């Protein structure tokens, strides 16, 4: 079974990503000048914990994949912004002080924090990621591409039900990235994605399995994880 090539969706080119509650998004970024962003297993694990802390309060994660020089996430946004406690610099107040932090803010904090750790580890300075993280809405009625899109081979494919098809294609695309990048021969051989979790090979807690089932995204067959060279 061959899966569809991922569609070219409308991407917010501004520095600030636009999110709306109760919609699905493909979020991704890569190393500045295509440089590596992960140098060891510990780096991958550290970034996974960053995702847990900075993303899960705002959204459910449906799929994720970390590769040596980029990452992909598929999420369902539940809260665009949340109140957070404000640092009072040691002063005790009768009522807690809070302000709102957006999902945009939290993603930026996650990447800055990770960058500081890697720069210290690698004894380097400067930007680790590209300046703009991208977010593509997969089911926004006003933000989705027309029913025709170009594949990498230039073939136009008609999508009869975009709000269902785009999430499925994105979900599959994210999990197939390691094979497409020639890092492994089968999707399950790459440990730094949610493929093992969604297929029951691992019991990771970052993804929301119930929501994945509810959205009917589990459509893999035994041939889906094979590379084209096999």
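The values are calculated or read from the model by the stated rules, or taken from the named source; none is laboratory data. Predicted model, so just to flag it, every value in this text is computed and none were measured. Note that we place each Cβ from the backbone using ideal geometry, even for glycine, and neighbour counts take in every protein chain shown.
Within the range 23-40, take every residue that is in a helix (DSSP H, G or I) and touching a residue at least 12 places away in the same chain (Cβ under 8 Å) and give me the one that is surrounded by the most Cβ atoms within 10 Å (Cβ to Cβ).
The extreme case among them is 32.
Scan the range 181-197 for residues that are on the phi < 0 side of the Ramachandran plot and either modelled with pLDDT under 95 or assigned to a loop (DSSP other than H, G, I, E, B) (or both) and jot them down.
181, 183, 184, 185, 190, 191, 192, 194
Tell me yes or no: at least one residue of the range 143-165 is more than 17 Å from residue 70 (Cβ to Cβ), modelled with pLDDT under 95, within 16 Å of the chain's Cα centre (by Cα) and assigned to a loop (DSSP other than H, G, I, E, B).
Within the range 143-165, not a single residue is more than 17 Å from residue 70 (Cβ to Cβ), modelled with pLDDT under 95, within 16 Å of the chain's Cα centre (by Cα) and assigned to a loop (DSSP other than H, G, I, E, B).
Just a yes or no: is a residue in the range 125-136 out of contact with any strand residue (DSSP E or B) (no Cβ under 7 Å at 6 or more places or on another chain), surrounded by 11 or more Cβ atoms within 10 Å (Cβ to Cβ), modelled with pLDDT of 85 or more and in a helix (DSSP H, G or I)?
No, there is no match, as no residue in the range 125-136 is out of contact with any strand residue (DSSP E or B) (no Cβ under 7 Å at 6 or more places or on another chain), surrounded by 11 or more Cβ atoms within 10 Å (Cβ to Cβ), modelled with pLDDT of 85 or more and in a helix (DSSP H, G or I).
Would the range 79-100 turn up any residue that is closer than 29 Å to residue 191 by Cβ, at pLDDT 95 or above, surrounded by 15 or more Cβ atoms within 10 Å (Cβ to Cβ) and within 22 Å of the chain's Cα centre (by Cα)?
Looking for residues that are closer than 29 Å to residue 191 by Cβ, at pLDDT 95 or above, surrounded by 15 or more Cβ atoms within 10 Å (Cβ to Cβ) and within 22 Å of the chain's Cα centre (by Cα), one finds none in the range 79-100, hence no.
Restricting the first residue to the range 68-93 and requiring it to be farther than 25 Å from residue 20 by Cβ, which pairs with a second residue that is modelled with pLDDT of 95 or more and outside any strand (DSSP E or B) meet a Cβ separation below 6 Å and a spacing of at least six or different chains?
Note: pairs meeting the criteria are 68/36; 68/38; 69/36; 69/37.
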